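Encoded as structure tokens, the structure appears first; notes follow it.
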Amino acid sequence: MNPTPPSPPPPLTPGTALVTGVTGQDGSYLAELLLRKGYEVHGVVRRSSTFNTARIDALYQDPHEHDVRLKLHYGDLTDANCLAKLLSEVQPDEVYNLGAQSHVRVSFDMPIYTVDTVAMGAIKLLEAVRDYQQTTSRAVRYYQASSSEMFGKVVEVPQTETTPFHPRSPYGCAKVFAHHTTINYRESYDMHASCGILFNHESPRRGETFVTRKITRAVGRIKLGLQSKLYLGNLDAKRDWGYAGDFVQAMWLMLQQDEPGDYVIATGETRSVREFCELTFGHVDLDYNDFVEIDPRYFRPAEVDLLLGDAAKARSRLGWAPRVDVEQLARMMVDHDLELAQCELTLRNAGHDIPSFVGHDQ
Ligand code: NAP
Ligand code: F7E
């Protein structure tokens, strides 16, 4: 028997949001957006032996001050107990589940950990929300970070909310589980739970082992003579690349709707990794052919060859549209990473050691 659903009305004024993955690319843009809108934002941070809050340091306020609206809590998606405690402590109106081991290539090396965080993490958080709603009768709106990686070996182009899934990685499989589980909780317990099927989105805050940022970091360093080569894998893979700052807006919009739902969020344009190299190296008057070499270690056991999304539903129901196209995105990322390379050059000229390549080997 289904429990009585909690009372539905949404908060009339911006309320309290709980965000997992707040230290990641999307978490940092979403926290900024929610703070701008007047929310109190509670972010879940993993304990680490070094600081992992660089992306949100600019938003952080001394907790001893008054009117602090960004609050950080230690927690982990693998720890159901801490998630339940966080729900009752924070009493959120909205929960955004962005935390994940989000690197597709790494998911082949660490499949079980990836499933623990991405799939089991989502169901643990959904259970915590469900228990909290049942015991308090308070309504919570839930956002699940689903992914275009779920489409995998695509059966139709472009992909929409109804395109069948054929995931090609442990990460993709885990996201499919989390996606279906979110829908199941919505249908079984009348929860306001929505999934954003987001296509690749990038920014100057993108992790340095994802291909766009790996490329733009290298472009900046090569231009200033700090690096001589860039080793990549499959240059023929095609992705629908958007700007993370635009995409977090769609997450928030989904939770402001009267009814929950699932939405593809994409730009509707696709480019190959090779074309992204042409754009970015071209922006600083370099030819990528002179610097890019192929290293098969970056090939994946199974590849996703082509992603191209159709965000018509988000456009018509949410009024969402991307503002930044891939050319603008490429220029934004290269300009940022040129500045970063300039800082590295200044440090090197002052006698500091600068690595001959950046990032980990992915
Ligand atoms: P990201 O930069 O890799 O950030 C992932 C976040 O999850 C980080 O804050 C990370 O913490 C945290 N995290 C990792 N393991 C965790 C755990 N066990 N418990 C709690 N938190 C954990 O990813 P993103 O690009 O912002 O993406 C946000 C979400 O959208 C992810 O779920 C991703 O899978 C999904 N997604 C991303 C894209 C995209 O193109 N960016 C597209 C579709 C879906 P640390 O900072 O400590 O590592
Ligand atoms: O790879 C190819 C690689 O790692 C893009 C995550 O945010 O988006 C992301 O997953 C393409 C792939 O992103 C290298 O083979 C070539 O075809 O930047 P990526 P991804 O795998 O698409 C989805 C939507 C998510 O949900 C994920 O969380 O680029 N590629 N050479 C390379 N990729 C990397 N990383 N490194 C290379 O050297």
Please tell me if L198 is aliphatic (A, V, I, L, M), closer than 19 Å to V118 by Cα, surrounded by 20 or more Cβ atoms within 10 Å (Cβ to Cβ) and within 15 Å of ligand 2 (Cβ to nearest atom). yes
Just the residues that are basic (K, R) and within 10 Å of ligand 2 (Cβ to nearest atom), please, taken from region 203-250. R206, R213, K214, K238, R239
Among (1) outside any helix (DSSP H, G or I); (2) free of Cβ contacts under 8 Å to residues at least 60 places away in the same chain, there is one condition I123 misses while meeting the rest; what is its number? (1)
Condition test on V106, is it modelled with pLDDT of 95 or more, within 16 Å of ligand 2 (Cβ to nearest atom) and in a helix (DSSP H, G or I)? yes
Of the numbered conditions (1) surrounded by 19 or more Cβ atoms within 10 Å (Cβ to Cβ); (2) within 16 Å of ligand 1 (Cβ to nearest atom); (3) among the aromatic types (F, W, Y), Y185 fails exactly one; give the number of that condition. (2)
As an exercise: evaluate R213 against (1) in a helix (DSSP H, G or I); (2) within 12 Å of ligand 1 (Cβ to nearest atom); (3) surrounded by 24 or more Cβ atoms within 10 Å (Cβ to Cβ) and give the number of the one condition it does not meet. (3)
Quick check on region 264-276. Is at least one of its residues away from ligand 1 (no atom under 16 Å from the Cβ) and open to solvent by less than 50 Å² (accessible area, probe 1.4 Å)? yes
When region 279-313 is checked residue by residue, the ones that are part of a strand (DSSP E or B), open to solvent by 20 Å² or more (accessible area, probe 1.4 Å) and within 19 Å of L198 (Cβ to Cβ) are L306
Among (1) open to solvent by less than 20 Å² (accessible area, probe 1.4 Å); (2) assigned to a loop (DSSP other than H, G, I, E, B); (3) in contact (Cβ under 8 Å) with a residue 24 or more places away in the chain, R138 falls short only on (1)
Looking at region 43-60, I want the residues that are of a type in the set (A, V, I, L, M, F, W, C) and have a partner that is within 8 Å of ligand 1 (Cβ to nearest atom) and part of a loop (DSSP other than H, G, I, E, B) with Cβ atoms under 6 Å, at least 6 apart or on another chain. Which pairs are those? V44/G75; V45/T23
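The values are calculated or read from the model by the stated rules, or taken from the named source; none is laboratory data. Bear in mind the structure is a predicted one, so any value in this text is a computation, not a measurement. Glycine also receives a Cβ, built like all others from the backbone with ideal geometry; neighbour counts cover every protein chain displayed. Just the protein is used for accessible areas: all its heavy atoms, side chains included, with ligands, DNA and RNA removed. Shrake-Rupley method; radii C 1.70, N 1.55, O 1.52, S 1.80 Å.
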